[in-house]
Amino acid sequence: MPTDDIIPTTQAPWRDIAMVCGKCSRKLKGGFGKKGKHDLAEVLKGALKEAGQRRQLRVVEVGCLGLCPKRAVTAVSSARPDQVLAVPKGSDPMLVLTQLNPAAAAVP
Ligand code: FES
């Protein structure tokens, strides 16, 4: 148990976090990628890797964000928590990344 009043921090390798609702993803049962078989978090991670931007944005699946759109997946960037996306099935992952974090969609 730490004796100080300050909780230690660690430098993260990424600059932003995108939270994707896992419950929305399970309800859609895929819906993204070329054949529509992958979930949104998977295709976003793949697009970031392809663009060489994995350090720019960390994609994590979270529980229900409370908006629960029909036939879409809720996603939000920690940098802009007031702008929640309801990503429709089949959306282009680069378009989603551009809206979540424009720097993450930029190819270096
Ligand atoms: S189930 Fe995804 S926001 Fe509620």
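Since every read-out is calculated from the coordinates, none of them should be taken as a lab result. Note that the structure is predicted; figures quoted are calculated from it, not measured.
Computed quantities for the displayed model
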read-out: Using alpha-carbon coordinates, inclination of helix 40-51 to the longest axis of the chain, degrees; value: 80 degrees
read-out: Among 23, 45, 70, residue whose mean-square fluctuation peaks in a GNM of the chain (springs only between Cα atoms under 10 Å); value: 70
read-out: Selected from 33, 52, 66 as most flexible by GNM, with the chain as the system and alpha-carbon contacts under 10 Å; value: 66
read-out: For the chain, built as a Gaussian network whose Cα springs stay under 10 Å, the top-fluctuating residue of 67, 85, 28; value: 67
read-out: Interatomic Cα distance distribution for the range 16-102, bins of 10 angstrom, percent; value: 20, 58, 22, 0
read-out: Unsatisfied cross-links (Cα-Cα over 19 Å) in the set 34/89; 27/70; 27/49; 34/70; value: 27/49; 34/70
